[in-house]
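Below is one structure, written out as structure tokens; the observations come after it.
The values are calculated or read from the model by the stated rules, or taken from the named source; none is laboratory data. Predicted model only: the values in this text are computed from it and were never measured. FYI the Cβ positions are ideal-geometry reconstructions off the backbone, even for glycines, and counts take in every protein chain you see.
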Amino acid sequence: MPGSPTLLIIGLVLLVIGYLMLSWASRRNLKDVATGAALGTVWTLVWKRQRPTVPEEFTSRLDEVRAQDSHLGKAKVVTGYAIKHVVAQVVGLAGLAACALGVLLLALGIFWR
């Protein structure tokens, strides 16, 4: 029987929360979006033998910027993306720390006597 069920439960909850934070941050991190788009383009070019197009992740964001009438509106949209990117970086680090702490607590819960 495991040593401490409380540590196991807390570790598992932290692991799930960390995973959810990482997946949320990945969708809002511009670097991850660009990497995913580049890999999708390479996949289309190499495996499907089709001419790649601009990925949907970029076109939707560019269309949102282009839809603004003024330069101030465009700047606000771009600033919003930048703020989301910074928040995603912080949440990603917090999610990674939560996952690491969750794994540590799971290990302690298994081996704690």
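Given the condition loosely packed, with under 12 Cβ neighbours inside 10 Å, modelled with pLDDT of 85 or more and either β-branched (Val, Ile, Thr) or under 14 Å from the mean Cα position of the chain (by Cα) (or both), answer yes or no: does some residue in the range 18-26 qualify?
Taking the range 18-26 first, the residues loosely packed, with under 12 Cβ neighbours inside 10 Å are 23.
Filter once more, so that each one left must be modelled with pLDDT of 85 or more: 23.
Applying the additional criterion that residues be either β-branched (Val, Ile, Thr) or under 14 Å from the mean Cα position of the chain (by Cα) (or both) yields 23.
Within the range 18-26 (the criterion being loosely packed, with under 12 Cβ neighbours inside 10 Å, modelled with pLDDT of 85 or more and either β-branched (Val, Ile, Thr) or under 14 Å from the mean Cα position of the chain (by Cα) (or both)), the answer is yes, since at least one residue qualifies.
Out of the range 27-85, which residues are of a type in the set (D, E, K, R) and under 16 Å from the mean Cα position of the chain (by Cα)? Before you say what the answer is, go through the steps one by one.
If we filter the range 27-85 for residues that are of a type in the set (D, E, K, R), which is where we start, we get 27-28, 31-32, 48-49, 51, 56-57, 61, 63-64, 66, 69, 74, 76, 84.
Correct list: Arg27, Arg28, Lys31, Asp32, Glu57, Lys84.
Only one of the numbered conditions (1) among the hydrophobic types (A, V, I, L, M, F, W, C); (2) closer than 27 Å to Met21 by Cα; (3) exposed (fewer than 12 other Cβ atoms within 10 Å of the Cβ); (4) at pLDDT 90 or above is violated by Leu39, and that is (4).
For the range 76-113, give me each residue that is of a type in the set (Lys, Arg) and either in a helix (DSSP H, G or I) or modelled with pLDDT of 95 or more (or both). Before the answer, list the steps.
Let us first name the residues in the range 76-113 that are of a type in the set (Lys, Arg), namely 76, 84, 113.
Of everything in the range 76-113, those that are of a type in the set (Lys, Arg) and either in a helix (DSSP H, G or I) or modelled with pLDDT of 95 or more (or both) turn out to be Lys76, Lys84.
Listed by first and then second residue, the pairs with beta-carbon distance under 8 Å, at least 6 apart or on different chains, first residue in the range 85-113 and free of Cβ contacts under 8 Å to residues at least 12 places away in the same chain and under 10 Å from Leu12 (Cα atoms), second aliphatic (A, V, I, L, M) and surrounded by 15 or more Cβ atoms within 10 Å (Cβ to Cβ), form an empty list.
What number of residues within the range 45-62 satisfy the criterion of being closer than 25 Å to Ser23 by Cβ and either assigned to a helix (DSSP H, G or I) or hydroxyl-bearing (Ser, Thr, Tyr) (or both)?
Keep residues of the range 45-62 that are closer than 25 Å to Ser23 by Cβ, which gives 54-62.
So of that shortlist, the ones also either assigned to a helix (DSSP H, G or I) or hydroxyl-bearing (Ser, Thr, Tyr) (or both) come out as 56-62.
Final tally of qualifying residues: 7.
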